[in-house]
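Participant: Mind looking over this structure? Questions follow.
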Amino acid sequence: MKRGKNAEEAGTEGDNDTGSASTKKAKKTKEPEAPILYEDPPDKMTSKDGRSSNMKITSWNVDGLRAWVKKNGLDWVREEAPDVLCLQETKCGQKALPADITSMPEYPHKYWAVSDEKEGYSGVGMLCKTEPIKVTYGIGKEEHDKEGRVITAEFPTFYLVTVYVPNSGRGLVRLDYRKTWDEDFRSYLSELDMQKPLVLCGDLNVAHQEIDLKNPKGNKKNAGFTPDEREGFSQLLEAGFVDSFRELYPEQTNAYTFWTYMMNARSKNVGWRLDYFLLSSSLAPGLCDSKIRNKAMGSDHCPITLHVAV
């Protein structure tokens, strides 16, 4: 999600204060509630069908790669040590990529998609320990692909797709475009899924259900929680994909991956779950764990990690 949206959300993502002046006064005298934080449980390394995880994938919207590197994001990556690292909102042309990341020996195979038209906008990356069979960029439609939002890597038993889904924007100025994107992207994934199963990861810029954000009532007309965007996500699930986190933790509340920089939202855990691992339904039996690493700092999003037997 982009920071540009946050000013509009301040009231809705913060205290959701839309009541009368007298209500507001009453709220001021109230003791502030202690925030309810999500504790990421120990990693499960075995799937329901008894297989051990043999693939670890991490996804992180870094909100600017150069700033994230300066904030020691790579130290966390080295400790986490995924087989594949997917990054979104890199906001960085290929010539400006920090040497700290381009020279990482742990990931000899690195792939970048950048915005053709706007410098410092959008952008995704994929860093692999093992070389994929094939890597492609975009979804085959020029109107979408010029913004550098998708990388697809083919591995022997599955495809891995990382995405930074377009934000509908302040005032929902891009909602119509977003609806077109959702339809075209779903078609792209369904075609891939007919060839071999896939893992999709990234910032999908939607909180699917009310459980997926702190203040659902105040955000129904805001980007990321409109009925259209939520329906777009539902249609993705209906097309044969599984939300890995909800598959394992269907009732888990207060589990978020994005917090606006304003109003101390992160320390209060006033957030949204916008970052996902979706799996083809045929991969779901091999799902071991879907992690929200909410203690990792360096961006307005936290990283998420998938353990899967493929």
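Participant: Ignoring ligands, DNA and RNA, what percent of the accessible area of the stretch 55-308 is carbon or sulfur (1.4 Å)?
Facilitator: 49
Participant: Probe radius 1.4 Å, ligands and nucleic acids left out: which of I101, I211 has the largest accessible area, and how do the rest follow?
Facilitator: I211, I101
Participant: Taking H placed 1.01 Å from N in the peptide plane, check which residues at least 5 places from M55 or on another chain put their amide H under 5 Å from its amide H.
Facilitator: Here V308, V310 satisfy the definition.
Participant: Could you pull the accessible area for W259 with a 1.4 Å probe, rounded to 10 Å²?
Facilitator: 10
Participant: Using a 1.4 angstrom probe, figure out how much accessible area the stretch 34-99 has per residue, in square angstrom, rounded to the nearest whole.
Facilitator: Heavy-atom accessible area per residue stands at 50 Å².
Participant: Leaving ligands, DNA and RNA out of it, work out the accessible area of R78 with a 1.4 Å probe and give it in Å² to the nearest 10.
Facilitator: 110
Participant: Can I ask one more? Which of A99, P32, P303 sits farthest toward the positive end of the charge dipole of the chain, with +1 on the Cβ of Lys and Arg and -1 on the Cβ of Asp and Glu?
Facilitator: P32
Participant: Another one. Taking the Cβ-Cβ separation of D75 and D116 as r and a Förster radius of 41 Å, what is the calculated FRET efficiency to the nearest 0.05?
Facilitator: Working: r = 32 Å, r/R0 = 0.78.
It comes to 0.80.
Participant: Okay, next question. Please compare each pair in K91/K141; K48/K146; K70/K179; K129/K196; K134/K291; K110/K295 to a cut-off of 32 Å on the Cα-Cα distance and tell me which ones are over it.
Facilitator: Table pairs above 32 Å Cα-Cα are K48/K146; K70/K179.
Participant: Keeping all protein chains in position, work out how much accessible area I304 exposes to a 1.4 Å probe, and write it in Å² to the nearest 10.
Facilitator: Looks like 10 Å² after rounding.
Participant: Fully extended, how many nm does the chain gain between D145 and R293 (0.36 nm per residue separation, minus their Cα-Cα distance)?
Facilitator: Working: separation 148, 0.36 × 148 = 53.28 nm, distance 2.96 nm.
Stretched out fully, the D145 to R293 stretch lengthens by 50.3 nm.
Participant: How large is ³J(HN,Hα), in whole Hz, for each residue of the stretch 39-52 in order, when computed from phi with the Karplus curve 6.51 cos²θ - 1.76 cosθ + 1.60 and θ = phi - 60°, using x for Gly and Pro?
Facilitator: So the Karplus estimates, Gly and Pro as x, are 9, 5, x, x, 5, 9, 10, 10, 7, 4, 8, x, 8, 8 Hz.
Participant: Using only the alpha-carbon atoms, what does the chain span along each of its principal axes? Please give whole angstrom values in decreasing order.
Facilitator: Principal axes ranked by extent give 64, 47, 38 Å for the Cα atoms.
Participant: With every protein chain present, what is the per residue accessible area of the stretch 235-291 (1.4 Å probe, Å²)? Write out the running numbers ahead of the final one.
Facilitator: Details: 1860 Å² over 57 residues.
I get 33 Å² per residue for this part.
Participant: Once every DSSP H run of n ≥ 4 in the chain is given -39500 (n - 2.57) and the sum is divided by its residues, what mean residue ellipticity at 222 nm do you get, rounded to the nearest 500 deg cm²/dmol? Numbers along the way, then the final one.
Facilitator: Numbers: 10 runs with 81 residues, N = 310.
That comes out to -7000 deg cm²/dmol.
Participant: Compute the length gained on full extension between M194 and D176: take 0.36 nm times their separation in residues and subtract their Cα-Cα distance, giving the result in nm to one decimal.
Facilitator: Between M194 and D176, full extension yields an extra 3.7 nm.
Participant: What are the ³J(HN,Hα) values, in whole Hz, obtained from phi via the Karplus relation 6.51 cos²θ - 1.76 cosθ + 1.60 with θ = phi - 60°, for each residue of the stretch 296-303 in sequence order, with x given for Gly and Pro?
Facilitator: Result, ordered by residue: 7, 9, x, 7, 7, 10, 9, x Hz.
Participant: By accessible area of protein heavy atoms, probe 1.4 Å, what ranking do R293, R51 get, highest first?
Facilitator: Working: R293 35, R51 95 Å².
Ranked from most to least accessible, the order is R51, R293.
Participant: To continue, here is another question. How big is the charge dipole of the chain about its Cα centre, in debye rounded to the nearest 20, if each Lys and Arg gets +1 on its Cβ and each Asp and Glu gets -1 on its Cβ?
Facilitator: Taking the Cα centre of the chain as origin, the dipole is about 920 debye.
Participant: In debye, nearest 20: dipole of the stretch 29-121 around its Cα centre with unit charges on the Cβ of K, R (+) and D, E (-)? List each step's numbers first, then the result.
Facilitator: On the way: 13 positive and 17 negative charges, 53 e Å.
Using Cβ point charges on Lys, Arg, Asp and Glu, the stretch 29-121 gives about 260 debye.
Participant: Go through Y177, Y107, Y137 and list them by solvent-accessible area, largest first, probe radius 1.4 Å.
Facilitator: Y137, Y177, Y107
The values are calculated or read from the model by the stated rules, or taken from the named source; none is laboratory data. What you see is a predicted model; the values in this text were computed from it and never measured. Reconstructed Cβ throughout: ideal geometry from the backbone, glycine too, with neighbour counts over all protein chains shown. Keep in mind that these areas ignore ligands, DNA and RNA; they rest on the heavy atoms of the full protein, side chains included. Shrake-Rupley method; radii C 1.70, N 1.55, O 1.52, S 1.80 Å.
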